[in-house]
Structure formats: structure tokens, C-alpha cells
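A.B. asks: This is the structure I have questions about; it appears just below.
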Amino acid sequence: MVLAPLLRPAASPPQLSVTLRPHWPTPCRLAAVRHRSLVTFAGMAGVPATLSASAAQIGSFLSKKPYAPPSWATHLSPMPSHTFSLGHFPTPVHKWNLPNLPEGTEVWIKRDDLSGMQLSGNKVRKLEFLMADAVAQGADCVITVGGIQSNHCRATAVAAKYLNLDCYLILRTSKLLVDKEPGLVGNLLVERLVGAHIDLVSKEEYGKVGSVALADLLKKRLLEEGRKPYVIPVGGSNSLGTWGYVEAIREIEQQIQQSADTQFDDIVVACGSGGTIAGLALGSRLSSLKAKVHAFSVCDDPEYFYDYVQGLIDGLQSGLDSHDIVSIENAKGLGYAMNTAEELKFVKDIAAATGIVLDPVYSGKAAYGLLKDMAANPAKWKGRKILFVHTGGLLGLYDKADQLSSLAGSWRRMDLEDSIPRKDGTGKMF
């Protein structure tokens, strides 16, 4: 897909910041709303941004709090008892002026890439529940598994250190690199700065043994050393982690309630481990949203994820069929974390056109797949109002620096005239 010739000037999106008036009847429900009590919804210009409760209240961030589910999710079981406040929520929603959309189609974007810095992206929502369970079980360390540039592993390492837990990461890399220094690029830099313990395995070893067996092996060794490890699955995607995006639907629902003219027909998101789409699809079906959830898988295949999501929602006794609540399409291209030149150019063109930087592994492939489908099937999307969930992963761009170098913006040496008189500004900077 060549995007550049399709670009057209876009109107500036309006800005809206609204204050949610809590209507919860009990202190327990007030605790459940936590820092989501003030909602930012970008839509109308001229209104100053409102500070979220997590930023306004000293000590709220990183605190453990009782959890009360949305009223429409109280029948799900098992239900979490507590969460840790790890993210900066609510994340903004604003209009995304993508080029050449079908007639009458609007795309808005939910900025879960802004849920934090070191601890950012969609994984934070899952970790709020998973880390609370780890602490409740008396763990002194956590184990998780992922690719060499896993956003989930980086987020887990940071969250663990926030809560005074050690973190052990099993990272998958190529056979050629498994015995070499892994470097300090992107997510690896953050993981190593916060002191995560890293074990490397080859893709072949990973494929032969599997993530569960690898985590169990490391858990056994740590138990023998007298440690108390807690295992978090790949991507934080188990039934407990699914609550993270059930809760995200409540957040979106509240944002919509404060913007009476905004309603979404569709929710679009990348899928890499299944937990995010399970929570979004389950929450959308049970809540007042009723938006159709479209997932673009960046690894494995759609049937694998239909089965995996089914297991997650069965684990919550939802009584629903995954095929009825989510549509999953294949967007992995060359493979997980591998990109074509066209995909990388798309990421660059979207950034240059809209200011939104997509990661090439997840949201970049999902947005690429969405716009390709719109171009091929415009009638399917005509007149729809779509919410695209940006799941973060910006640090993963650094691993693609060499591939992106020919696409990045140009530079030049500034041409100075000898006759320019000196004028001092603020500070000499040398």
C-alpha cells in the first residue's frame, strides 16, 4: 500500500476534556473507579485538559485497591478482589485523520500507548490484575516469557521493580544470536536497566518446548533456591489478565457517556496473545457499547486465536462463543516482528501525515490491515465510526532503526553567513 500519494490536508481534531460525575452508590465502587473518575475525551477545541485522579491524589499511583467490576460483568467468575494502580488512566480518545477513508467513515483512536512511559501500552491493564494476584500469593519474584523485543516483558520488569519484586524473563531470539550479548536496544535497554534477569532461548528451542514448559522449568529452579515465583503467561493473557480490557471497556463506556454525540460501531485492535481482544470483545458485548470488535492477528492464525479466546472467556464462565463476539483477520505478513518494506513505509507515512507513531509489530500491522481492507471493501466500512486501540510498543521501533533509516525525514547542515551578528539567548548551552 503506497500511502503518500493518497494524503490530503486534514482538519484539526476538536479537543474536549470532560469531568465524569461518579454515580457509584458505595465507597467500594468509588474505589473501583480509582483514577478513572476524570475522563479525557478529545473532541472540542478551547477546553483545558482535566487532571486525572491518579495524578491529582498523592499516593494513588502504585497503590493496591479493592476491585468492583462493572455492573454488567458481575456474573463473570472468578472475579478479582484487588488491583494495583500501575497505569495513567483514562487514556485519551481523539479523532484520527487518516487519508482516503470510505465515504462517511470516521476513525477515532484510543491512546493506550499513553498509559505510561517505561510501563506503557496494553499490557499495563492486564498487569494491574496479575501483579495484585502475585503479591496476594506472597510471591517474591515473577516469571514471564516473550520475544527478544517483547513489550509485555519490559512492562512486567518495570511493574515488578515498582512493587519490589524480582523479575525473570525468558526471551526468544534467533539461533544465530542466542549465545551472544543481546544488546541494549529498545525494550532490552529498559529491562536491563531495571535489573531483570534474562534467559535467552532460540526460536527452535521455544517451538520444541513451548512457553509453559520453559516457565515451569525456571519456576522449579527458583523454588529449589527457596524463592517464591509467580508465573505470568505470554502477553499476560490468561482469564485474570482478560479483566484488564473488560475494565477498559468500562472506561470507554464512561468516556462515551460524557460525549453524547459519539458512539462507535466498531473497535479495531492488534492481536498478539489474545487477552486484549478477549477483554474488549467480552466487554463490548456485555456493556452498552455493543461495538463489533475486529482483531488483526500479528502471529499464529485466526483459528488459533478463536480457540484461545474461547478458553479465556470460558475461564470466566461467560457462556459466549468467541466467533460471535470478535472477527479475527490475519495480518502477520512475513511473520511475528518481521516487516515488509511496504509496512514500514506505511508506519512512516502515517506518522508524517497524522503525528501518530505506530509500532511496527502490533498496531502498525493492525492499521495497515485495516486500511487495506477499507480500500478493498469500502462498502463494508462506509459510514462507520471506528475506534482503533493503539496498544503502544514505541520502544520496538528502535530495533527497526536500520530498516527505517532510508525512510526517515531528511536533514541538512545549516548554511550560515559570516556576517551574522551574535545575539545571546537564554543560556549559552556550552
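A.B. asks: Which of the residues that make up region 84-118 are surrounded by fewer than 24 Cβ atoms within 10 Å (Cβ to Cβ) and of a type in the set (A, V, I, L, M)?
C.D. replies: 101, 107, 114, 117, listed by residue number.
A.B. asks: So which of 350, 386 is among the hydrophobic types (A, V, I, L, M, F, W, C), in contact with a Ser or Thr (Cβ under 8 Å, 6 or more places away or on another chain), at pLDDT 95 or above and not in a loop (DSSP other than H, G, I, E, B)? So that I can check it myself, show each step before the final result.
C.D. replies: On the way: 350 fails: in contact with a Ser or Thr (Cβ under 8 Å, 6 or more places away or on another chain).
Criteria check complete, one pass: 386.
A.B. asks: Taking region 165-204 as the search range and keeping residues that are acidic (Asp, Glu) and buried (at least 16 other Cβ atoms within 10 Å of the Cβ), which one is farthest from residue 62 (Cα to Cα)? Steps first, answer last, please.
C.D. replies: Here is the first cut: in region 165-204, the ones acidic (Asp, Glu) are 166, 179, 181, 191, 199, 204.
Next cut, buried (at least 16 other Cβ atoms within 10 Å of the Cβ) only: 166, 191.
Numbers: 166: 16, 191: 19 Å.
So the residue we want is 191.
A.B. asks: Conditions: (1) closer than 29 Å to residue 149 by Cα; (2) surrounded by 15 or more Cβ atoms within 10 Å (Cβ to Cβ). Residue 338 meets all but one. Number of the miss?
C.D. replies: (2)
A.B. asks: Output the residues belonging to region 57-73 that are within 14 Å of residue 89 (Cβ to Cβ) and part of a loop (DSSP other than H, G, I, E, B). First the steps, then the outcome.
C.D. replies: Just the residues of region 57-73 that are within 14 Å of residue 89 (Cβ to Cβ), to begin with: 57, 60-63, 65, 67.
Listed by number, the residues that qualify are 57, 60, 61, 62, 63, 67.
A.B. asks: Then there's this: Return the total of residues in region 119-164 being surrounded by 22 or more Cβ atoms within 10 Å (Cβ to Cβ), within 14 Å of residue 199 (Cβ to Cβ) and in contact with an Asp or Glu (Cβ under 7 Å, 6 or more places away or on another chain).
C.D. replies: Qualifying residue count, region 119-164: 2.
A.B. asks: Name every residue in region 273-330 that is aliphatic (A, V, I, L, M) and either within 20 Å of residue 151 (Cα to Cα) or assigned to a helix (DSSP H, G or I) (or both), in order of residue number.
C.D. replies: Initial filter on region 273-330 (aliphatic (A, V, I, L, M)): 277-278, 280-282, 286, 289, 291, 293, 295, 298, 309, 312-313, 316, 320, 325-326, 328.
Residues satisfying the conditions are 277, 278, 280, 281, 282, 286, 295, 298, 309, 312, 313, 325.
A.B. asks: Okay, next question. Name the one entry in 320, 316 that is open to solvent by 20 Å² or more (accessible area, probe 1.4 Å) and either farther than 20 Å from residue 203 by Cα or at pLDDT 95 or above (or both).
C.D. replies: Going through 320, 316 in turn, the sole match is 320.
A.B. asks: Still on this structure: Looking at region 180-218, which of its residues are farther than 18 Å from residue 230 by Cβ, small (Gly, Ala, Ser) and either touching a residue at least 12 places away in the same chain (Cβ under 8 Å) or part of a helix (DSSP H, G or I) (or both)?
C.D. replies: 186, 202, 207
A.B. asks: May I pose another question? Tell me the residue from 228, 220 that is touching a Leu at 6+ places or on another chain (Cβ under 9 Å), modelled with pLDDT of 95 or more and surrounded by fewer than 20 Cβ atoms within 10 Å (Cβ to Cβ), please.
C.D. replies: Details: 220 fails: touching a Leu at 6+ places or on another chain (Cβ under 9 Å).
Checking each option against the conditions leaves just 228.
A.B. asks: Return yes or no: is residue 409 at pLDDT below 95, small (Gly, Ala, Ser) and over 18 Å from residue 350 (Cβ atoms)?
C.D. replies: Details: at pLDDT below 95: yes; small (Gly, Ala, Ser): yes; over 18 Å from residue 350 (Cβ atoms): no.
Considered against the rule, which asks whether it is at pLDDT below 95, small (Gly, Ala, Ser) and over 18 Å from residue 350 (Cβ atoms), residue 409 comes out as no.
The values are calculated or read from the model by the stated rules, or taken from the named source; none is laboratory data. No experiment lies behind these values; they were computed from the predicted model shown. Cβ coordinates were reconstructed from backbone atoms using ideal geometry, including for glycine residues, and neighbour counts include every protein chain displayed. Quick note on the areas: whole protein, heavy atoms, side chains included, nothing else; ligands and nucleic acids left out. Shrake-Rupley method; radii C 1.70, N 1.55, O 1.52, S 1.80 Å.
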